[in-house]
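To start, the structure under review is shown below, and the notes come after it.
The values are calculated or read from the model by the stated rules, or taken from the named source; none is laboratory data. Since we're looking at a predicted model, the values are computed, not measured. Cβ placement follows ideal geometry from the backbone for every residue including glycine, while neighbour counts extend to all protein chains displayed. Note: accessible area is taken over every heavy atom of the protein model, side chains too, but ligands, DNA and RNA are not part of it. Shrake-Rupley method; radii C 1.70, N 1.55, O 1.52, S 1.80 Å.
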Amino acid sequence: MTRLSGITPSGHVHVGNYLGAVRRWAREGGPDDLFFVSDLHGMTTPYHPQKLRSRTSEMLAVLIASGIEPDTVFVQSDLLPQLGPLTWVLECACAFGEAARMTQFKEKSTDRTHEGTPVRVGLFTYPVLMAADILLQGADDVPVGEDQAQHVELARVLARRFNSTYGEAFVVPRATTPPAGARIKDLTDPTRKMDKSARDAAGVLFVMDEPDLLRRKVKRAVTDSLGRLEYRPDEQPGLANLLEILGGCLGKSPREVVGGYSTYGEVKDAVAEAVVEELRPVRERTRQLLADPAELDRIRAVGGARAAERGAHRLSTVLRLAGVA
């Protein structure tokens, strides 16, 4: 069984990404699982090419530094010679109405963050590219959150349609719900999730932040004036968020960790130190990898070659059945 998971370099990796996904990939990933940096998806909204390139390298380094087996990691754009033709075949199998129903397009196309800039066609069609990511590798399981489940369903529809129309070529994937992880929110506004592309980084704990900066951000985190040390996300979202982070770092539930403290200050001190220690080895190993770009390029090439090899026969079969090879 092959599971496929990706992460987009729309910003720097933060503690929510790490606790909710990356660390789990490292701990639970099997030899047939694949993890990739989806840099092509980062082009669907306005971006800076050099930032995209550097964030892609940093994200690749973080995945490896977190303990994911290097040969199971690749960068999406390294498979462009395969993804390009496969995406076109799938676009020609996809109905306009199916693409138009994608909720993420509706949300992102009206996002005021990029107000005044044209909505890119790539934002409309990227669910088909995501289908190509999945189907090229023959993934059985695609662990996703609710916001991406609709895209996996589109991949299922396109796989079935191609198989029934032209001949068997694709594994029909299924979306799976990963184990519930820490639901990390922004420290300055605990009503919204921590976002790696947030304009204001004051409430975001990045993996590559220095320890002192992590501590300052945690100590400035929004709490409340109730003074009650209980895990109550609806009534005390700021405190609940801190407890989620602490529990995530310690491998406990937020309700388990709350009993050991008597003030908000003590909780913040504990959260800050837990985050610093949890991220320290990842940050240090990431820096080592980034300081040796030749070694990082070598690792990237190995992972890309393995992913390309997995997809080569499937792509040739698809092109032959589609009548263009």
Over the chain, with the other protein chains present, what is the accessible area per residue in square angstrom, probe 1.4 angstrom?
47 Å²
Unsatisfied cross-links (Cα-Cα over 20 Å) in the set 196/268; 185/252; 185/217; 51/196
196/268
Dipole of segment 205-323 (Lys/Arg Cβ +1, Asp/Glu Cβ -1, origin at the Cα centre): which of 231, 271, 322 lies farthest to the positive side?
322
Please give the contour-minus-distance gain from residue 288 to residue 309: 0.36 nm per residue of separation, less the Cα-Cα distance, rounded to one decimal in nm.
4.7 nm
Taking 71-80, 25-34 and ranking on average Cβ neighbours within 10 Å, highest first, one gets 71-80, 25-34
How large, in percent, is the carbon and sulfur part of the accessible surface of the chain at a probe radius of 1.4 Å?
51 percent
If you take every DSSP beta bridge whose two residues both sit in the chain, what share of them, in percent to the nearest 5, is antiparallel?
15 percent
Ratio Rg/Rh [Cα only; Rh per Kirkwood] for segment 133-234:
1.19
Please name which of 218, 99, 259 has its Cα lying farthest along the dipole of the chain towards the positive end, using unit charges on Cβ (Lys, Arg +1; Asp, Glu -1) and the Cα centre as origin.
99
How large is the Kirkwood hydrodynamic radius of segment 217-309, in angstrom, based on all distinct alpha carbon pairs?
15.6 Å
Is there a quick way to get the dipole size of the chain? I mean about its Cα centre, with the Cβ of Lys and Arg at +1 and of Asp and Glu at -1; what is the value in debye to the nearest 20?
360 debye
Which of 248, 16, 84 ends up with the largest GNM mean-square fluctuation for the chain, with Cα atoms connected below 10 Å?
84
Which value results when the Cα radius of gyration for the chain is divided by 2.2 N^0.38 Å?
1.05
